[in-house]
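The block underneath contains the structure these notes are about, expressed in structure tokens.
The values are calculated or read from the model by the stated rules, or taken from the named source; none is laboratory data. Keep in mind that this is a model prediction, so the values were computed, not measured. Neighbour counts are summed over all protein chains in view; Cβ atoms, including those assigned to glycine, are modelled from backbone coordinates with ideal geometry. For the accessible areas, the whole protein counts, side chains as well, though only heavy atoms, and no ligand, DNA or RNA atoms are used. Shrake-Rupley method; radii C 1.70, N 1.55, O 1.52, S 1.80 Å.
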Amino acid sequence: EERIEEFSIKMQKETEKTVVHKIKIDEMDVEYKNKGEVSGSVLNQFSMDEFEGNLRIATTTGNVWDGSGLNHLYVLNDNLEIIGSVEDLAKGERIYSARFLGEKAYLVTFKKVDPLFVIDLSKPENPEVLGYLKITGYSDYLHPYDEEHIIGIGKEAIEARSGDFAWYQGMKISLFDVSDFENPKETAKIIIGDRGTDSYALQDHKAFLFDKKRNLLVIPVGLAEINETFWKEQNEGR
């Protein structure tokens, strides 16, 4: 079984590819430069970042539903050749959010709990996972608060009593302290509403407004709340 699993993972990396095309644009002069490829699929624009001539990209291969999900981070040079990577993170899960901030990358994966990975990219040829934090729920979007803190918005979740999954709950806003890269912490959180609560900000970062100078964070929320009195009346005697 182990050999079959290894072969399956290898095939997924070989067959599930993201191709990156590099195009130079100088006013009206457009020139095709190069292309490169990495294993896996990309979640959104925050899964890609250019820094000091290198392209960093976070991807997922496999599926959550059959437990084959794996997550990877690749570093490509100016010619779009892979020069460094961290592979096979969070087996059975997929990337829910990513953020590159200079020499560090932050990835959130999820199936039942939310690991926040802190990855060191100061040596592009040798990316390294410095630490990770496991908490309930997940973050759909990560936003820098300052050099040592990151805001995460997503959903709270409760692990199912049976079955390999978790039930989504209300919206969750977290503040992560990453000053100690090897030991990230969730230093504050707020839960908004109950299961069914949602926000456009979870799918579109333009619906997320943050002004640090004014200590202001604004997001639209569609609120769902359980009527506790009605719930108790309906379940009396059960």
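A quick yes/no check of all residues on (1) surrounded by 11 or more Cβ atoms within 10 Å (Cβ to Cβ); (2) modelled with pLDDT of 95 or more; (3) touching a Cys at 6+ places or on another chain (Cβ under 6 Å):
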residue: Met11; (1), (2), (3): yes, no, no
residue: Glu14; (1), (2), (3): no, no, no
residue: Gly67; (1), (2), (3): yes, no, no
residue: Tyr74; (1), (2), (3): yes, yes, no
Open item on the list: With in contact with a Phe, Trp or Tyr (Cβ under 7 Å, 6 or more places away or on another chain) and more than 20 Å from Ala157 (Cβ to Cβ) as the only criterion, which of Ser68, Ser122, Ser139, Ser85 stands out?
Closed with: Ser85
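In this structure, is Lys172 modelled with pLDDT of 95 or more and surrounded by 16 or more Cβ atoms within 10 Å (Cβ to Cβ)?
yes
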Open item on the list: So for the range 144-153 (the condition being aromatic (Phe, Trp, Tyr) and in contact (Cβ under 8 Å) with a residue 60 or more places away in the chain), does at least one residue qualify?
Closed with: yes
TODO: From the list Val42, Val38, Val86, pick out the single residue that is modelled with pLDDT of 95 or more, under 18 Å from Val118 (Cβ atoms), of a type in the set (Val, Ile, Thr) and surrounded by 15 or more Cβ atoms within 10 Å (Cβ to Cβ).
DONE: Val86
TODO: Kindly indicate whether Arg214 is at pLDDT 80 or above and more than 20 Å from Glu156 (Cβ to Cβ).
DONE: yes
Task: Filtered residues of the range 204-233 (kept if assigned to a loop (DSSP other than H, G, I, E, B), closer than 30 Å to Ser122 by Cα and in contact (Cβ under 8 Å) with a residue 60 or more places away in the chain) - done: Phe208, Lys212
Task: Selected residue [among the aromatic types (Phe, Trp, Tyr) and free of Cβ contacts under 8 Å to residues at least 40 places away in the same chain] from Tyr168, Tyr106 - done: Tyr168
TODO: Taking only the range 182-193 into account, find how many residues are part of a loop (DSSP other than H, G, I, E, B) and buried (at least 16 other Cβ atoms within 10 Å of the Cβ).
DONE: 2
Open item on the list: Give me the residue from the range 95-111 that is surrounded by fewer than 18 Cβ atoms within 10 Å (Cβ to Cβ) and not small (Gly, Ala, Ser) and, out of that set, farthest from Ala157 (Cα to Cα).
Closed with: Glu103
Open item on the list: Among the residues of the range 89-103, are any more than 21 Å from Phe176 (Cβ to Cβ) and either out of contact with any helix residue (DSSP H, G or I) (no Cβ under 7 Å at 6 or more places or on another chain) or of a type in the set (A, V, I, L, M) (or both)?
Closed with: yes
- [ ] Check off (1) out of contact with any strand residue (DSSP E or B) (no Cβ under 6 Å at 6 or more places or on another chain); (2) open to solvent by 50 Å² or more (accessible area, probe 1.4 Å) for Gly92 and give me the number that stays unchecked.
- [x] (2)
